[in-house]
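Participant: Before I ask anything, here is the structure I am working with.
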Amino acid sequence: MDLAQLTRNLEALRARAVGAAAAAPDTAALDALEVGVLGKKGDLTAILRGIGALPAEDRPKVGAIANEVRTAVEAALHEARSGLGGAELAARLATEALDVTTPGRPIRRGSLHPIIETAREIAEVFAQFGFVVYEGPEIEDDRTNFQMLNIPPDHPARDLWDTLYLDVEGLLLRTHTSPGQIRVMHEERPPIRALLPGRCFRYEAVDASHASEFFQVEGLMVDEGTSMADLKGLLDQFAHAMFGAHRPTRFRPGYYPFTEPSVAFDILCVICDGEKCPACSRTGWMTILGAGMVHPVVLRYGGIDPERYQGFAFGMGVERIANLRHQVADLRLYMEDDLRFLGAFR
Amino acid sequence: MRVPLSWLREFVDIELTSEELAERLTLLGMEVKHVERWGADWEQVVIGELLTVERHPRADRLSLTTVTLGDGGEPLSIVCGATNIAPGQRIPVALPGAVLPGNRRIERAEKMGVVSNGMLCSGEELRLTADADGILILPADSPLGVPLADLFGDVVLDVDVKPNRGDALSILGLAREVAAATRRPVRQPEIAVEEGSGPPTEARLAVDVRDPDLCTRFVGRWVSGVTVGPSPDHVQMRLLAAGQRPVSNVVDASNYVMLELGKPIHTFDAAAVHAGADGRATVVVRRATDGERLETLDHVERVLAPDMLLIADPVGVLGLAGVMGGATSEVSQATTDVVIESAVFDPVSIRRTAQRLSLRSEASSRFEKGQEARLARLGADRTAQLVRAWAGGEIAPGRLDTAPSEPGRSRVAFRPARINRLLGTSLGSDEQRELLSRVGIETEAAADVPVVVALQPEVLSVAPEADGAITALVPTWRRDIAIEADVAEEIARVRGYELVPSVTPDTEMPDYRPSPLGVRELVRDTLAGAGLTEVVTTALVSPRHVETFVLRREVPSVGGEPEPGGDPVGVTNPLSRDHSLLRRHLVGSLLDVVGTNLRHGTEDVAVFEIGKGYGRTGDVPREWWRLGFALVGAAEPRAWNRPARRYDLDDAKGILDLLAHRLGLGRPVYEAETAEPLFHPGRTARATITGRLGAIVGELHPDVVETWDLRTSQRVLVAELSLEGLAAGRLAPEHAPVVGRFPAVERDLAIVVPERTPAASVEALLVAHGGALLRDVRLFDIYRGVPLATDEKNLAYRLRFGAPDRTLTEPEIDAAVAAVLGALPAVGGRLRT
């Protein structure tokens, strides 16, 4: 065999292999082709076996051509493979298609009670202003629940709190979170910024707007110069946090024995925006909490000198705040624990 | 307090609309709850004149009338049942289409064969007077055809007067507030007593106040020769608008004075007062004797106690002082002479008596807030004046008075600078004085009394020299102003709280303190994430609840919290038996939630609550925090591509394990609990992480499902836990594990043990003997059956070994496994081969 013949054979092999690669029906045929042409026992090797019969000066030429053929066949195989592989993958993906519009596999959804959650949100707002959370007992004594809050026995203001008394002399279920003020003052020295959430009890027939067990959040701030202006500023921030940045607010006189002066804190009706509707008793305003400057008597019972220190306290019903935020009209829903109701909350 | 605007106008000029007035009063501290249109329900009621009144042709008791409305139209024929009518009278006519109070509709109707084109109205039907028998005869000059509401309509403000402002429980008191809000003068009522020429009061009446501590002033007057009957219509109308039922002219006079001046007055039949030794009718004011009895005006027999103050005579009891009169001395049609009692009683005594007898009255609610002494005299005079005007008779000259000298204004010193510091304002002292003058508080520039800061526990005052103190001269009716802070409130409310600036506090912050809610919040978030819904149930439960939900062995508290147990704590005045005891466990409340929801058709219920248990030892109460949860129905709800999987004990324990992990408490150790009657004896465990977690978790006993009426055939899982930090704890930061760069090696062991051997004890053995290289033990299969004996089970564990600093060698692992296997006989186990 001479150089020319070998060269022709190589070129023929290239043409056949490239053609076969282009025409291969699937990647398996390409694999077979690769082995048949480029493998150790393949056609290319077979042709090159004749190289030994050539003169020494011709051998490198044949080697160069053989490399060209190899490269060309590999390129053709690669090209054919990527074409065929894409189509095969596409075909496989097509068979794997799902109806993606079916619902997801359900994971049990839990939820948090709106009252506890609202109390948590209230605490978060005040935490931003340095108020730390304290808690007091639900079983209180008359002295802390009333007397130290400037509500002596037989005071007419006691009518504001219909009380559940316990079968232990002098003990009752706290009617508000306010006794926590006394407990905090006994525990801390000014500056005080305290928040007291918790369950309260009253002798109150249950209806859409009354509950015998309910939750309150009390706030207390005492320092040398803490004034009613501070109270107003803080409550404005609170109202904006809970009811929107542009919700107008107002202070009006209120009455609590443990604050002097006392105020009620109103926000513009969230239902009618001040247009006067049944929800706000046609006043345009809704009261969300009571507050005032801590009565000097309360400071003294707390062991704090009212000549040096002064401060404010506020108290709110968590249900009231939750009602307005979640548009709940009936208080009873919170403790009926119907999952169809509770499940709607986060 | 209901305030008819027309009455208020007698004492102060009002140029505002009723809505504006309501808002001004509210902003002054007299909150107006409602503004009611009095007469709004007299639509289509107009004034007519009777032209003819004839007998109904077919009914003796009915009259056939014709009525003109003065509009030149055809007279209306109207059938009427009243007998007090005559031609020429002007009367209220309800036309067809009218709706009267009580939502009573008037239509054209046939009555015994005659068409009636409306109805003639009685005062009672219009709620204008108390007279239900006759048609309301209007003044002869009433304009015809005019709607009744134009003539007699009014606006009634419903004012919420706070307990410290007893002085404002009156028309006059509220007129003073209106005057302050609008800067108008107050017109005082014209009290003028025209006394007769008969024997003086003190010749007829004597009073013996035996308990002067409870009755600080008693003023008596005597009116003789009265004619008891209905009050004039305009008086009845006014009382009704103010919410007071008219009774008779004499009684109405006392009620009128109570509403007008805020002074409760009692009138009684002088003939019922027995004479003393000197022949004068003698009123005795004294405490009751034990067991004494009195029939009060409401015809209830009351048993009295020794601390109740009575109005009596030498023979018996006439009434309960300041609370309610007695039936025997009630003014009646037969009464000719009337005794007027205008007294000041001890507020605490009146309040206690009214409470003890559950007999709160308009009078007692005013007495218990305190009365100014001056009003005793004014009230007696005013009542005498009105009795004479409405019931005739003659007022006996002079009054009986046990304490004629009346105290003047009290002096309360204040420091203008201190007021500003409290309010956050910068008002000049002249401005403060001007504001006080609007509510009748005069001031003197210098203080001659100490500045009183507080009255309790004992008086705290400072010398007046400093700070330019000013003396406020407080009107006698303002018993609520006694200390400097009270003055601050007057200044603030008169000026208006809208003028208090709003600033964000910028003073020193308190030291950091962790929130006691931290652990609870993590628990809540974890459980909500695990598919449970948080519930809040009442702490007060029924006795049956407390009796049913008892644990023989309580879940111990952790972290030094009070231990559960002790005696139950009860409420002495419960709203109902269902809420009369404080609960000791959460389980019962959670089961109620389960039951309610199952009945509502909610099939899958997974709920939790963080709440307290309550108990006491002797007189010492205690409260302890617990977490409880209950599971019933599907843990994994059925879906289109998956069947439902029901909750079982392993889910409940999984929740425990999850919580323990999330709180960084470690892994709970479970042991069987077979002896709690509430629980399934074979499907209940105690879980413990010493000092950090305690729990009982298991299936509810089928008997309890039955007795608690849960109406489900499904298994109900419940758990109650004590958790470290639940009360007020915070979580310590976790220590990060060293995650080795060297691969761990796993070995699976199939261990055959007797059926009765708890898996937990096998695991404990593996951990105890696994050596320092053992990282983790996990049970991954349990097998029972051939070729094992019937009382055997195969527990398959995967053990992971590793070291932080090297790859373990086979001999090391083999040695560790060999150590474990060597210990197996201790639990009756063997390696399955």
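Participant: For the range B:515-531, enumerate the residues that are under 33 Å from the mean Cα position of the chain (by Cα) and touching a residue at least 12 places away in the same chain (Cβ under 8 Å).
Facilitator: Those that are under 33 Å from the mean Cα position of the chain (by Cα) and touching a residue at least 12 places away in the same chain (Cβ under 8 Å): B:SER515, B:PRO516, B:GLY518, B:VAL519, B:ARG520, B:VAL523, B:ARG524.
Participant: Free of Cβ contacts under 8 Å to residues at least 24 places away in the same chain, among the charged types (D, E, K, R), outside any loop (DSSP other than H, G, I, E, B) and farther than 19 Å from B:ARG377 by Cβ: is that true of B:ARG360 in this structure?
Facilitator: Spelling it out, it is not the case that B:ARG360 is free of Cβ contacts under 8 Å to residues at least 24 places away in the same chain, among the charged types (D, E, K, R), outside any loop (DSSP other than H, G, I, E, B) and farther than 19 Å from B:ARG377 by Cβ.
Participant: Does B:THR289 satisfy being more than 12 Å from B:LEU359 (Cβ to Cβ) and not small (Gly, Ala, Ser)?
Facilitator: yes
Participant: A further question follows. Looking at B:PRO501, B:PRO505, B:PRO457, which one is more than 19 Å from A:SER227 (Cα to Cα), within 13 Å of chain A (Cβ to nearest Cβ) and part of a loop (DSSP other than H, G, I, E, B)?
Facilitator: Among B:PRO501, B:PRO505, B:PRO457, only B:PRO457 is more than 19 Å from A:SER227 (Cα to Cα), within 13 Å of chain A (Cβ to nearest Cβ) and part of a loop (DSSP other than H, G, I, E, B).
Participant: Condition check: over 30 Å from B:LEU422 (Cβ atoms), within 10 Å of chain A (Cβ to nearest Cβ), part of a loop (DSSP other than H, G, I, E, B) and without any contact (Cβ under 8 Å) to a residue 60 or more places away in the chain. Does B:GLY601 satisfy that?
Facilitator: Judged against the criteria, B:GLY601 is a match.
Participant: Something else: Checking A:PRO257 against (1) in contact (Cβ under 8 Å) with a residue 12 or more places away in the chain; (2) of a type outside the set (Asp, Glu); (3) over 27 Å from B:ASN164 (Cα atoms); (4) in a loop (DSSP other than H, G, I, E, B): exactly one of these is not met. Which one?
Facilitator: Condition not satisfied by A:PRO257: (3).
Participant: Give me the residue from the range A:201-227 that is charged (D, E, K, R), surrounded by fewer than 24 Cβ atoms within 10 Å (Cβ to Cβ) and more than 7 Å from chain B (Cβ to nearest Cβ) and, out of that set, nearest to B:ARG421 (Cα to Cα).
Facilitator: Applying the filter and picking the extreme gives A:GLU224.
Participant: Now a separate question. Out of the residues in the range B:458-506 that are loosely packed, with under 15 Cβ neighbours inside 10 Å and within 27 Å of A:PHE238 (Cα to Cα), state the one that is farthest from the chain's Cα centre (by Cα).
Facilitator: B:ASP506
Participant: For the range A:141-152, check the following and say yes or no: at least one residue is modelled with pLDDT under 95, basic (Lys, Arg) and either part of a strand (DSSP E or B) or under 30 Å from B:VAL161 (Cα atoms) (or both).
Facilitator: No, that holds for no residue.
Participant: OK, next. I need the full set of residues from the range A:76-127 which are of a type in the set (Ser, Thr, Tyr) and in a helix (DSSP H, G or I), in order please.
Facilitator: Scanning the range A:76-127 gives A:SER82, A:THR95, A:THR118.
Participant: Go through the range A:135-153 and give me each residue that's over 16 Å from B:LEU455 (Cα atoms), in contact (Cβ under 8 Å) with a residue 40 or more places away in the chain and facing chain B (nearest Cβ under 8 Å).
Facilitator: Selection gives A:GLU135, A:GLU138.
Participant: For the range B:21-56, enumerate the residues that are within 30 Å of A:VAL263 (Cβ to Cβ) and without any contact (Cβ under 8 Å) to a residue 60 or more places away in the chain.
Facilitator: B:GLU23, B:THR26
Participant: Now, a different point. Checking B:ARG584 against (1) part of a loop (DSSP other than H, G, I, E, B); (2) within 12 Å of another protein chain (Cβ to nearest Cβ); (3) without any contact (Cβ under 8 Å) to a residue 60 or more places away in the chain; (4) closer than 22 Å to A:ASP337 by Cα, only one condition comes out false. Which one?
Facilitator: It fails just one condition, (2).
Participant: Output the residues belonging to the range A:265-309 that are more than 9 Å from every other protein chain (Cβ to nearest Cβ) and basic (Lys, Arg).
Facilitator: Within the range A:265-309, A:ARG308 is the sole residue that qualifies.
Participant: Please find, among B:LEU779, B:LEU731, the residue that is assigned to a loop (DSSP other than H, G, I, E, B) and either under 60 Å from the mean Cα position of the chain (by Cα) or exposed (fewer than 13 other Cβ atoms within 10 Å of the Cβ) (or both).
Facilitator: B:LEU731
Participant: Additional query: Tell me which residues, restricted to the range B:647-664, are at pLDDT below 95 and surrounded by fewer than 20 Cβ atoms within 10 Å (Cβ to Cβ).
Facilitator: The answer is B:HIS661, B:ARG662, B:GLY664.
Participant: Let me ask something additional. From the set of residues in the range A:329-346 that are over 22 Å from the mean Cα position of the chain (by Cα) and part of a loop (DSSP other than H, G, I, E, B), which is farthest from the other protein chains (Cβ to nearest Cβ)?
Facilitator: Among them, the one singled out is A:ALA329.
Participant: Another question, then. So which residues in the range B:234-251 are assigned to a loop (DSSP other than H, G, I, E, B), of a type in the set (S, T, N, Q) and either within 17 Å of B:ILE171 (Cβ to Cβ) or under 28 Å from the mean Cα position of the chain (by Cα) (or both)?
Facilitator: The one that is assigned to a loop (DSSP other than H, G, I, E, B), of a type in the set (S, T, N, Q) and either within 17 Å of B:ILE171 (Cβ to Cβ) or under 28 Å from the mean Cα position of the chain (by Cα) (or both): B:GLN244.
Participant: Pick from the range A:228-251 the residues that are assigned to a strand (DSSP E or B) and surrounded by fewer than 22 Cβ atoms within 10 Å (Cβ to Cβ): which of them is nearest to the other protein chains (Cβ to nearest Cβ)?
Facilitator: A:ARG250
Participant: Looking for something within 9 Å of another protein chain (Cβ to nearest Cβ) and on the phi > 0 side of the Ramachandran plot - is there at least one such residue anywhere in the range B:547-570?
Facilitator: No, the range B:547-570 contains no residue that is within 9 Å of another protein chain (Cβ to nearest Cβ) and on the phi > 0 side of the Ramachandran plot.
The values are calculated or read from the model by the stated rules, or taken from the named source; none is laboratory data. Computed from a predicted model, the values in this text were never measured in an experiment. Positions of Cβ are generated from backbone atoms using ideal geometry, with glycine treated the same way; all protein chains shown enter the neighbour counts.
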